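Colleague: Encoded as structure tokens, here's the structure I'll be asking about.
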Amino acid sequence: MGEFELIRKFFQRPVRRSPLGVGDDCALLAPAPGMQLAVSSDMLVEGRHFFADVNPQLLGHKALAVNLSDLAACGARPLAFTLALSLPRADAAWCQAFSDGLFALAAQHDCELVGGDTTQGPLNLCITVFGEVPTGQALLRSGAQVGDDIWVSGTLGDARLALDALLRQHALPPAVLAQARQRLEQPTPRVALGQALRGIASSCLDVSDGLLGDLGHILDASGVGACIDANITRGLLHARRHPLMAALATTRIDACTLAGGDDYELCFTAPASAQTAVREAAQQSATPVTCIGRIEAQRGVRVIAPGDQQLPLRFAAFDHFA
């Protein structure tokens, strides 16, 4: 099977938003009047971002999910995406499963594939996603104010827990591993919540490299600091609720929830007076949210454990070149 046959068979779909779709040298997109384009790219590399034996259908899901998560963090509505795909060989079964996972998530968010590239080489996936957001209403990292609440969506740390188990750094009961692995390999982009937070959140980003490290980007951009309640963040590890995980050490829980990465949840700030509005946005988008701390004037992050004990900040966010 040649390159262009592979594209036609597995990745060429009818489009509505682009006059061209897949097949020309460029895709054409026009934002609606009063809207701005939001654009983000993410790359997934075998051996760095996923295991060689990963289910290709789940990989197709995750490849798009991590990009949709960026749109969510901006408060944007998905429109379209491009796919640059490097494959060791033209494996029809693999491509079918991968495209099934990719397009299933794309259909959920009405996001069309409008172009890209394919080549032979080490397995590498790069998606660029396009969304739209009303002019001046994009959620940014730079708006956090002293006194704002700090919120996160969903749960934190289960993806890291699964990764450590798959790397044989510790063992997990099979049922716990299966559930945690789903969080690692099939994250849920919080697109609806991001849009619902427009006009409410003062800043926002998605948690991809670990809560403390990613929150640090908001703090740096906004020129503020933060205090985080470890007792609350520890409760966000979903696996902890399993009876067989009751004895899990708090140091392991903190490592997963504070610096785990691969969560793809939203971390955002909002004025304390907006708590009702935040909870209404969460209900509207069917997304659980939890207030985990507050923004302070003093730069840096303080993590407070029960008894007002300040934890040492020994948790580093993921860095590809560290």
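The values are calculated or read from the model by the stated rules, or taken from the named source; none is laboratory data. Everything numeric in this text was worked out from a predicted model, so none of it was measured. Quick reminder, even Gly has a Cβ in these numbers, built from the backbone with ideal geometry, and neighbours come from all protein chains shown. Just so you know, the surface numbers come from the protein's heavy atoms only, side chains and all, with ligands and any DNA or RNA stripped out. Shrake-Rupley method; radii C 1.70, N 1.55, O 1.52, S 1.80 Å.
Colleague: Does the range 236-271 hold any residues that are open to solvent by less than 40 Å² (accessible area, probe 1.4 Å), of a type in the set (Gly, Ala, Ser) and farther than 12 Å from LEU161 by Cα, and which are they? Reasoning before the result, please.
Modeller: Taking the range 236-271 as the starting set, the residues that turn out to be open to solvent by less than 40 Å² (accessible area, probe 1.4 Å) are 236-237, 239, 245, 253-270.
Going one step further and asking which of them are of a type in the set (Gly, Ala, Ser), we end up with 239, 255, 259-261, 270.
If the condition is that a residue be open to solvent by less than 40 Å² (accessible area, probe 1.4 Å), of a type in the set (Gly, Ala, Ser) and farther than 12 Å from LEU161 by Cα, then ALA270 is the only one that fits.
Colleague: If you don't mind, there's one more thing I want to ask. In the range 87-119, which residues are crowded, with 17+ Cβ neighbours inside 10 Å, among the hydroxyl-bearing types (Ser, Thr, Tyr) and assigned to a strand (DSSP E or B)? Talk me through it step by step, then tell me what you get.
Modeller: Narrowing the range 87-119 to residues crowded, with 17+ Cβ neighbours inside 10 Å: 87, 94-95, 97-99, 101-103, 105-106, 109, 111-116, 118.
Adding the requirement that they be among the hydroxyl-bearing types (Ser, Thr, Tyr) leaves 99, 118.
Selection gives THR118 alone.
Colleague: If you don't mind, another one. What is the one condition in (1) in a helix (DSSP H, G or I); (2) in contact with an Asp or Glu (Cβ under 8 Å, 6 or more places away or on another chain); (3) more than 30 Å from PRO173 (Cα to Cα); (4) open to solvent by less than 30 Å² (accessible area, probe 1.4 Å) that ILE295 does not satisfy?
Modeller: (1)
Colleague: A follow-up question, please. Of all residues in the range 131-148 being surrounded by fewer than 24 Cβ atoms within 10 Å (Cβ to Cβ) and touching a Lys or Arg at 6+ places or on another chain (Cβ under 6 Å), which is nearest to SER40 (Cα to Cα)? Working first, answer last.
Modeller: Taking the range 131-148 as the starting set, the residues that turn out to be surrounded by fewer than 24 Cβ atoms within 10 Å (Cβ to Cβ) are 132-138, 140-143, 145-147.
Remaining after also requiring touching a Lys or Arg at 6+ places or on another chain (Cβ under 6 Å): 132, 137.
Values: GLU132: 12, GLN137: 17 Å.
Going through the qualifying residues, I end up with GLU132.
Colleague: Are any of the residues in the range 48-71 farther than 19 Å from LEU102 by Cβ, open to solvent by less than 50 Å² (accessible area, probe 1.4 Å) and at pLDDT 95 or above? If you could, list the steps in order and put the result at the bottom.
Modeller: So in the range 48-71, the residues farther than 19 Å from LEU102 by Cβ come out as 48.
Subsequent filtering for residues that are open to solvent by less than 50 Å² (accessible area, probe 1.4 Å) retains none.
Looking for residues that are farther than 19 Å from LEU102 by Cβ, open to solvent by less than 50 Å² (accessible area, probe 1.4 Å) and at pLDDT 95 or above, one finds none in the range 48-71, hence no.
Colleague: Still on this model: Which count do you get for residues in the range 166-221 that are on the phi < 0 side of the Ramachandran plot, among the small types (Gly, Ala, Ser), open to solvent by 20 Å² or more (accessible area, probe 1.4 Å) and out of contact with any Ser or Thr (no Cβ under 9 Å at 6 or more places or on another chain)?
Modeller: Adding up the residues that qualify gives 4.
Residue-wise test of (1) outside any strand (DSSP E or B); (2) polar (S, T, N, Q); (3) modelled with pLDDT under 95; (4) over 30 Å from ALA30 (Cα atoms).
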residue	(1), (2), (3), (4)
GLU132	no, no, no, no
ALA138	yes, no, no, no
SER142	yes, yes, no, no
VAL152	no, no, no, yes
GLY194	yes, no, no, no
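Colleague: A further question follows. Scan the range 214-242 residue by residue and report those that are in contact with a strand residue (DSSP E or B) (Cβ under 9 Å, 6 or more places away or on another chain) and among the aliphatic types (A, V, I, L, M).
Modeller: LEU215, ILE218, LEU219, ALA221, VAL224, ALA226, ILE228, ALA230, ILE232, LEU236
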